[in-house]
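A.B. asks: Before I ask anything, here is the structure I am working with.
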Amino acid sequence: MDSTKNSGSPNLDYLFSVTYEELRRLAASVKQGDQSATLNPTALVNEAWMRLRGAPGLDVESPLHFKRIAARAMRQILVEAARRRQAQKRGGEGVARLLPLEEAAAHGAASAPDAEEVLALEAALNELETLDARQAHMVEARFFGGLEVAELMELFRVSEATVMRDWRMARAWLAQRMKGGAG
């Protein structure tokens, strides 16, 4: 029996423990500049862990795959929190600013998006996923999960050239979309 498929497995616990500090450091960089955020980095990582632990049939193939899944969970939590904050603002119409994806690439992590940025990125990523799922998943893994180019190569089983091409294309497409440009 593959112990990674059981969300209560010792292997899942192990994967969380070996990636915890890295995930917490990433969560701190994501949250850093958003003073309205209600989740601190530890709470964000722990909330992601609770979601993953409770997920039936979670199929984790490797520590890298676990980081990608954790990135997805943190993305969902941040989006839900941003939606709650936006709903509380009633009538305050935020203008989505371009996310600093260049900085994310340079640092391997997101740089302090606010609620509007998180929601704008979520909408753009959802649209990109319908056009090119791999590009959208790479952005998610790199931005929310802090994965490096080498890790993306291994995770998606593609060459460095493919990762770099997909990253550049996705970043350009997202920048245009988030500025309000048409596809």
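A.B. asks: Just add up the charged neighbours of Met138: K/R +1, D/E -1, any other residue whose Cβ is under 14 Å from the Cβ of Met138. Before the final figure, lay out each step's value.
C.D. replies: Working: positive: Lys67, Arg68, Arg72, Arg75, Arg134, Arg142, Arg157, Arg165, Arg168, Arg171; negative: Glu129, Asp132, Glu140, Glu148, Glu151, Glu154, Glu160, Asp166.
After counting each charged neighbour, the total is +2.
A.B. asks: Could you give the nm distance between label points at Asp13 and Gln176, where each point is 7 Å from its Cα heading toward the beta carbon?
C.D. replies: Those two pseudo-labels are separated by 5.0 nm.
A.B. asks: Relative to the present Cα-Cα distance, how much length would full extension add between Arg83 and Glu61 at 0.36 nm per residue of separation? Show your work: numbers first, answer last.
C.D. replies: Numbers: separation 22, 0.36 × 22 = 7.92 nm, distance 3.15 nm.
Result for the pair: 4.8 nm of gain on full extension.
A.B. asks: Calculated FRET efficiency, Arg53 and Ala133, Cβ-Cβ r, R0 30 Å, to nearest 0.05? Let's see the in-between values first.
C.D. replies: On the way: r = 26 Å, r/R0 = 0.87.
In this case the efficiency is close to 0.70.
A.B. asks: What is the distance, in nm, between label points placed 7 Å from the Cα along the Cα-to-Cβ direction at Ala123 and at Val158?
C.D. replies: It works out to 2.6 nm between the two label points.
Taken together, the values in this text are just the output of simple stated rules run on the coordinates, not laboratory data. The structure presented is a predicted model; accordingly, all values stated were derived computationally and were not measured. Glycine gets a Cβ as well: all are built from the backbone with ideal geometry, and neighbour counts include every protein chain shown.
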